[in-house]
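Take a look at this one; I'll ask things after.
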Amino acid sequence: MKEYYNKTALAIGFRIYLYNMAPRKKEDYRTMQEVSRNKILMAALELFAGKGYAATSTDSIAKKAKVSKGLIYHYFKSKQDILSGIFAYLMEEGNELMNANNQLPPGKVINNLIDYSFDYIVNKAKLNRLLIAIAIQPEVVKGLKEELDKAKEVWMGIMIRMFKELNFQQPEAEAYLLSAMLDGVGLGYLALGEDYPLKKIKRLIEERYGL
């Protein structure tokens, strides 16, 4: 009888262990998948920027990411799918920013967008450099036309609405102007680094929008 109770207790204990561990293992597995997928995306981004999109092969991405080619095809159907994955990965953070600011006054939204952009320019300079390098490649622009058009519609739509609510006379032109200024600041900082008058320029942009 004692042996029976011991075995029963052991069985119950084992089931409890499995119950507690299963979700954690599943979560760990998802984390590992996410790490592997992002590793592939970042390796591809560096190669697309350095060698060019057209000249980069799936084999070279696998080698750079230190994963098997089979693993790449587990996550992505093609090189074009990897490019779309990079774009989606980068857009996710921006979309989160916009969603978080959705209920704020228009002036605050513009202010947060400027703050975010300058923080990105300084703290993600390497990523910014890579993005600029692939953004000027015709194959990349052509391959991401649908995604770019959709992103432009969403982001510019939000910015135009903000400028309308702030009573700017030409809200659409103002939205494009702010985007162009922020892009220009990013290029200037990449070229000059600490010699670029980042704080002064940010202050001028803020003053333009009454911030």
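FYI, it's all coordinate maths here, none of it is from the lab. Keep in mind that what you see is a predicted model, and the values were worked out from it rather than measured. Heads up, the Cβs are rebuilt from the backbone with ideal geometry, glycines too, and the neighbour counts pull from every protein chain shown.
Quick one: net charge around Ser179, please, counting Lys, Arg +1 and Asp, Glu -1 for every other residue with C-beta under 13 Å from its C-beta.
With Lys, Arg at +1 and Asp, Glu at -1, the net is -2.
Here's another thing I want to ask about it. Highest mean first, what order results for 134-146, 106-118 on Cβ atoms within 10 Å?
106-118, 134-146
A follow-up question, please. When the expected Rg is taken as 2.2 N^0.38 Å, what fraction or multiple of it is the alpha-carbon Rg of region 137-181?
Normalised Rg, Cα atoms only: 1.35.
Another question about this same structure. Please list, by residue number, every one of the trypsin sites (Lys or Arg not before Pro) in region 29-68 that is coil in DSSP and has at most 11 other beta-carbon atoms within 10 Å.
Here the sparse-neighbourhood loop sites are Lys66.
Please give the net charge around Leu192, taking every other residue with its beta carbon less than 14 angstrom from that of Leu192, where Lys and Arg add +1 and Asp and Glu add -1.
+1
Shape verdict for region 23-138, please, from the Cα gyration tensor: rounded (a/c under 1.5), prolate (a/b greater than b/c) or oblate.
The shape class here is oblate.
Moving on. Quick one: of Lys66/Lys126; Lys51/Lys199; Lys64/Lys142; Lys150/Lys200; Lys124/Lys145; Lys66/Lys200, which pairs are farther than 31 Å apart, Cα to Cα?
Violating the 31 Å limit, Cα to Cα: Lys51/Lys199; Lys150/Lys200; Lys66/Lys200.
How far is it, in nm, from the label point at Leu148 to the one at Lys77 when both lie 7 Å from their Cα along the line to the Cβ?
2.1
On to the next question. What full-extension length gain, to one decimal in nm, is calculated for Glu172 and Lys124 as 0.36 nm per residue of separation minus the Cα-Cα distance?
Separation in residues times 0.36 nm, less the Cα-Cα distance, equals 14.5 nm.
For region 69-211, report the translational diffusion coefficient in µm²/s to the nearest whole number, using Stokes-Einstein at 25 °C, 0.890 mPa s, and a Kirkwood Rh over Cα pairs.
So the translational diffusion coefficient is about 147 µm²/s.
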